[in-house]
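Taking it in order: structure first as structure tokens, then the write-up.
The values are calculated or read from the model by the stated rules, or taken from the named source; none is laboratory data. This one's a predicted model, so the numbers in the text were calculated from it and none came from an experiment. Here Cβ is always computed from backbone atoms with ideal geometry, including for glycine, and neighbour counts include all displayed protein chains.
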Amino acid sequence: MTVSPMPVKAIAGTRLEISGGRRLDGELRVSGAKNSALVLMAACLLTEDALRLSNVPPLTDITAMGEILSALGVRVQRGGDAIVLHGDHITTAAPPYELVNSLRASFFCIGPLLARMGMAQVPLPGGCQIGTRPVVEHVKGLKALGAQVTIEHGVVTAVVPGRQRRLTGGHIHLDCPSVGATETLMMAAALADGETVIDNAAQEPEVIDLARLLLAMGAKVRGAGTPTITIVGVERLHGADYAVIPDRIEAGTFLLAGAITRSRLRVFPALPEHLGAVITKLEEAGCRIEADGQGLILTASKVRAVDLRTQPFPGFPTDLQAPFMALLATAEGTSMVVENIFENRLQHVAELQRMGASIRMQGNTACVEGVARLSGAPVHGTDLRASAAMVLAGLAADGITTVRGLEYLDRGYADLEGKLNAAGASIRRLPTVAA
């Protein structure tokens, strides 16, 4: 993919202009889970048959993953919310650097490529700059399955020695419950010879979603959603038709949009079991949340301060820390927010302060003293979830808020402004003026 050079004095992209102070009402529809869809797309590399995924969100990350798979030889067909992936003619096991470098999830390809082709050569991944996200757990696990792995010049090369070029089942203990490593190793083990046990596995809903897809493809997986996952390898996987789960992070963002505007909103489809920690914190803050079988109904009037710490699932998700901090900036009282997952995920604090938020930082901890009102200002989203936090803050602020950094926002939210406008918000997407 060729990228045209950007003029030095130009600012690329678009901006959102938000007229704040409006209450929301009605329903917000949740798209399919981006973090699940990306790994499910990579699973097409495990089979020669067609894999059809539905409820796939129309996001730039999804497009990028499709381009990476196309570069490997996969035929990608998109129609509506469905995507069909034909991996019958894989032409290379080395995706190009310029594509992989823009998308963290591209590293998922190393597991299925290695399992099916006996080798893989994948550049170290890129994505939002929210902290170091090492692949050491992936590499350690692949070595436990019999692969020879080297890292040179920013590229991870993995080879299965021997004539059969087939991985061998083994016991893997993850030092930390990495979602990406758990999913990569599940896919690699699905075609390995023998049984693989992953201890201290991630328990996120996206891991369960992958396990269900692998089962639909003929894999033998048990224990997904618990700290121990067992996979018995099979010689061949077949195609499947599978629907992606609703995006729990988008659902949580919508609940927070209702809370920060002191509104009543229905968010659907949403699974309460995916949002337990978020629902608990919102209720502690004074919101009322009801489940109606398909979604969640939030009612908010006064919001009070709460403390939260980000943790692996089922703890509070790091992806909702920034949006929740925007809410706490408007709450009554003082909140403590501790970011335990990514060391650079408090960059949004300075932008919230620009809007009048009272926040003090020390290390990975932010002390948020709620203010009576935020005021509109020009702000910049420093990563995907920080961008969402700026939008939420803009909904509650007096006056006009201009949000830049939409290249991040569009990676994880499909038509966010359109959905919010349908519920009563006033948001316009405008071209960014060149400097």
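Annotation: of all residues in the stretch 153-168 being at pLDDT 90 or above and farther than 20 Å from R104 by Cβ, the one that is surrounded by the most Cβ atoms within 10 Å (Cβ to Cβ) is L167.
Per the listing V159, V136, the residue uniquely under 23 Å from the mean Cα position of the chain (by Cα) and either assigned by TED's automatic domain parsing to the domain that holds R52 or over 16 Å from L46 (Cβ atoms) (or both) is V136.
Residues checked against (1) among the aliphatic types (A, V, I, L, M); (2) in contact (Cβ under 8 Å) with a residue 40 or more places away in the chain:
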position	(1), (2)
V234	yes, yes
I245	yes, yes
L256	yes, yes
I260	yes, yes
K281	no, yes
G293	no, no
R309	no, no
P312	no, yes
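Look at P272 and say whether it is surrounded by fewer than 23 Cβ atoms within 10 Å (Cβ to Cβ) and in contact (Cβ under 8 Å) with a residue 60 or more places away in the chain. Judged against the criteria, P272 is not a match.
Taken over the stretch 66-77, the criterion of being charged (D, E, K, R) and in contact with a helix residue (DSSP H, G or I) (Cβ under 7 Å, 6 or more places away or on another chain) is satisfied by E67 alone.
Scanning the stretch 76-92 for residues that are more than 13 Å from M41 (Cβ to Cβ) and either among the hydrophobic types (A, V, I, L, M, F, W, C) or without any contact (Cβ under 8 Å) to a residue 24 or more places away in the chain (or both) yields a total of 6.
Of all residues in the stretch 342-383, those satisfying the criterion of being of a type in the set (K, R) and at pLDDT 90 or above are R354, R360, R373. Residues that are crowded, with 19+ Cβ neighbours inside 10 Å and either of a type in the set (S, T, N, Q) or assigned to a strand (DSSP E or B) (or both) within the stretch 243-269 comprise P246, T253, T261, S263, L265, R266, V267, listed in sequence order. Within the stretch 381-435, being among the aromatic types (F, W, Y) and assigned to a loop (DSSP other than H, G, I, E, B) holds for one residue alone: Y413. Considering each residue of the stretch 213-226 in turn, none proves to be under 19 Å from V139 (Cα atoms) and touching a residue at least 60 places away in the same chain (Cβ under 8 Å). Quick check on the stretch 354-382: of everything there that is crowded, with 17+ Cβ neighbours inside 10 Å and either outside the structural domain of L406 (by TED's automatic domain parsing) or more than 23 Å from I400 (Cβ to Cβ) (or both), which residue is farthest from the chain's Cα centre (by Cα)? Of everything passing the filter in the stretch 354-382, V368 is farthest from the chain's Cα centre (by Cα).
The conditions of being modelled with pLDDT under 95 and on the phi > 0 side of the Ramachandran plot are met by G293. Look at (1) of a type outside the set (G, A, S); (2) over 21 Å from the mean Cα position of the chain (by Cα); (3) more than 26 Å from S263 (Cα to Cα) and you find that E332 fails only one, number (3). Among the residues of the stretch 175-225 satisfying the criterion of being charged (D, E, K, R) and in a helix (DSSP H, G or I), which is surrounded by the fewest Cβ atoms within 10 Å (Cβ to Cβ)? The extreme case among them is R212.
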